[in-house]
Amino acid sequence: MTTTAVTTGTVNPNQRRVALTGNEAVALAMRQINPDVVAAYPITPQTDIVQYFSSFVADGRVDTEFVTVESEHSAMSATVGAVAAGARAMTATSANGLALMWEVLYIAAGSRLPIVMPVVNRALSAPLNIHCDHSDAMGARDSGWVQLWSENAQEAYDNVIQAVRVAEHPKVLLPVMVCLDGFIISHALLNLHVLEDAAVRAFVGRYRPDHTLLDPERPVTVGPLDLYDFYFEHKRQQAEAMSEARAVILQVAEDYTRLSGRRYGFFEAHRLEDADSAVVVLGSAAGTARFVVDELRRRGRKVGLLKLRVFRPFPGRELAETLARLQTVAVLDRAEGFSTAGGPLFTEVRSALYALAEDGGRGPASPGAPPLTMNFIYGLGGRDLDPGDIESVFDRLATAVETGSTRTPDTGRVGPLIEYLGVRE
């Protein structure tokens, strides 16, 4: 079972090379999928996606019913109604728009409706900020949606297409959120390889739900009152569906590799085979981290990168097994969890690594001990992450290795497990 996510050098003949922004790439994927319904409301930096898609509708390039609604809450509500009625439906949003959908996110997941929604990640107010961080999607991490994360426009395009198959698989039937960093990916122009329309249509196939509201011969109820007599069982079924999504995500990725030549999995492990230290990241920061890892390798330092693609369901065991032999791990969070125990990604990774100790472990510090793991909060509100920042993280990890703890080199005192990277203290 592969858990890496890499792009091969092979370009299949059913593809062409184009220059697109991330939002254009997502809108193109949506056009090629040709959903029955798209309900949408504009919000920066997502607006381009539905704006481009509306032009496809106006030009007759899709068969989609485009529903312009008065809010993001209405957009998700209309999408829920469309999928419950048997349609393949999509929407897109960002930040405060995702927050306004909050109630309906849970309804979509709990009703087992395979909606696909690109989320262009942006900081949540207040203070008002329109630039990238991951507070929006991280706030929705426990809503029951599958979450796929993208490093660049190519991955955003590929993830949207794969998300349809994942969401609609009979063992899953859960909504999927495809995350891409606001402005950094959404508005940046990139060369990428896109599939021909017919290839995408064949890959996603037709949506054939078992039950719909519009089938009078097999009547169903969607969103009923569900008290203590059955609610618990339905939530347990939903949790099992999220567990089933793990195998489905990998199977869909294998099918997509045969179609595109690009290989995906739960995460990409870059130069981890003999690494002593590594950083774990989500989204566009992986590109900067990969550059720094390669540069430090040229200087003889044994460092590596784990770029997570699938955040829900969280691939804890696979991630822990990949990181187990390391001395130190830095988890980079572009969101503040306000738990005082670290960011959302850090708590998940550290929990997965803690299981190593329970299983006997393979960490180097002592028998059964996981790697020393630190958290770095970075990039809130769109603040740049430059190569020097990543190098300073590896320097901090090196200090931890030398001292055998998180003691700081200047005072000798034990430093915090959570540090803020690039903030003016």
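The values are calculated or read from the model by the stated rules, or taken from the named source; none is laboratory data. What you see is a predicted model; the values in this text were computed from it and never measured. Cβ coordinates were reconstructed from backbone atoms using ideal geometry, including for glycine residues, and neighbour counts include every protein chain displayed.
Structural remarks
- Looking at ALA278, ALA202, ALA241, just one residue is in contact with a strand residue (DSSP E or B) (Cβ under 9 Å, 6 or more places away or on another chain), of a type in the set (A, V, I, L, M, F, W, C) and not in a loop (DSSP other than H, G, I, E, B), and that residue is ALA278.
- Considering residues of segment 341-388 that are at pLDDT 85 or above and polar (S, T, N, Q) only, the residue farthest from ASP136 (Cα to Cα): THR373
Yes or no, residue by residue, for (1) in the same structural domain as ARG88 (by TED's automatic domain parsing); (2) closer than 20 Å to LEU282 by Cα; (3) modelled with pLDDT of 95 or more:
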position	(1), (2), (3)
MET1	no, no, no
ASN12	yes, no, no
ARG16	yes, no, yes
ASN23	yes, yes, yes
VAL26	yes, yes, yes
MET30	yes, no, yes
ILE33	yes, no, yes
ASP36	yes, no, yes
ILE43	yes, no, yes
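- Residue within segment 58-70 that is modelled with pLDDT of 95 or more, over 30 Å from ASP226 (Cα atoms) and in contact with a Lys or Arg (Cβ under 8 Å, 6 or more places away or on another chain) present: yes
Okay, residues lined up against (1) assigned to a helix (DSSP H, G or I); (2) touching a Ser or Thr at 6+ places or on another chain (Cβ under 9 Å):
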site: SER55; (1), (2): yes, no
site: VAL62; (1), (2): no, no
site: HIS73; (1), (2): yes, no
site: ALA82; (1), (2): yes, no
site: GLY86; (1), (2): no, yes
site: GLY97; (1), (2): yes, yes
site: VAL104; (1), (2): yes, yes
site: ALA109; (1), (2): yes, yes
site: PRO114; (1), (2): no, no
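- Cβ pairs under 9 Å, 6+ apart, first in segment 15-41 and at positive phi, second β-branched (Val, Ile, Thr): ASN34/VAL62; ASN34/THR64; ASN34/VAL200; ASN34/VAL204
- Residue under evaluation SER186, criteria (1) crowded, with 24+ Cβ neighbours inside 10 Å; (2) closer than 17 Å to LEU250 by Cα; (3) of a type outside the set (A, V, I, L, M), criterion not met: (2)
- Qualifying residue in segment 86-95 (condition: within 30 Å of GLU233 (Cα to Cα) and in contact with a Leu (Cβ under 8 Å, 6 or more places away or on another chain)): yes
- When every residue of segment 199-212 is checked against the conditions, none turns out to be more than 22 Å from ASP36 (Cβ to Cβ) and in contact with a Gly (Cβ under 9 Å, 6 or more places away or on another chain).
- Pairing each residue of segment 240-256 that is in contact (Cβ under 8 Å) with a residue 40 or more places away in the chain and loosely packed, with under 14 Cβ neighbours inside 10 Å with any residue that is of a type outside the set (Phe, Trp, Tyr) and part of a helix (DSSP H, G or I), provided the two are 6+ apart or on different chains, yields C-beta distances under 8 Å for ASP255/ARG165.
- Residue ID - farthest from the chain's Cα centre (by Cα), chosen from residues in segment 137-155 that are part of a loop (DSSP other than H, G, I, E, B) and under 13 Å from SER284 (Cα atoms): ASN152
- Only one entry of PHE232, PHE183 meets the criterion of being within 17 Å of ALA109 (Cα to Cα) and not assigned by TED's automatic domain parsing to the domain that holds GLY381, and that entry is PHE232.
- Test set (1) in contact (Cβ under 8 Å) with a residue 40 or more places away in the chain; (2) among the basic types (Lys, Arg); (3) within 23 Å of LEU345 (Cβ to Cβ) - ARG271 fails condition number: (1)
- Failed criterion for ALA153 (all others in (1) buried (at least 22 other Cβ atoms within 10 Å of the Cβ); (2) in contact with a Lys or Arg (Cβ under 9 Å, 6 or more places away or on another chain); (3) of a type outside the set (Asp, Glu) hold): (2)
Yes or no, residue by residue, for (1) under 26 Å from MET177 (Cβ atoms); (2) over 14 Å from the mean Cα position of the chain (by Cα); (3) small (Gly, Ala, Ser):
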site: LEU296; (1), (2), (3): no, yes, no
site: ARG301; (1), (2), (3): no, yes, no
site: LEU305; (1), (2), (3): yes, yes, no
site: PRO315; (1), (2), (3): yes, no, no
site: GLU318; (1), (2), (3): yes, yes, no
site: ASP333; (1), (2), (3): yes, no, no
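- Exclusive hit being touching a residue at least 40 places away in the same chain (Cβ under 8 Å) and among the small types (Gly, Ala, Ser), set SER150, SER125: SER150
- Within segment 240-256, not a single residue is farther than 30 Å from SER284 by Cβ and among the aliphatic types (A, V, I, L, M).
- Of everything in segment 320-340 that is in contact with a strand residue (DSSP E or B) (Cβ under 7 Å, 6 or more places away or on another chain) and surrounded by fewer than 23 Cβ atoms within 10 Å (Cβ to Cβ), the residue that is nearest to SER143 (Cα to Cα) is GLU336.
- Check on VAL50, surrounded by 22 or more Cβ atoms within 10 Å (Cβ to Cβ) and closer than 22 Å to ARG122 by Cα: yes
- Any chance LEU305 is in a strand (DSSP E or B) and touching a His at 6+ places or on another chain (Cβ under 7 Å): yes
- Filter result (in contact with a helix residue (DSSP H, G or I) (Cβ under 9 Å, 6 or more places away or on another chain) and in a helix (DSSP H, G or I)) within segment 252-262: VAL252, ALA253, ASP255, TYR256, LEU259, SER260
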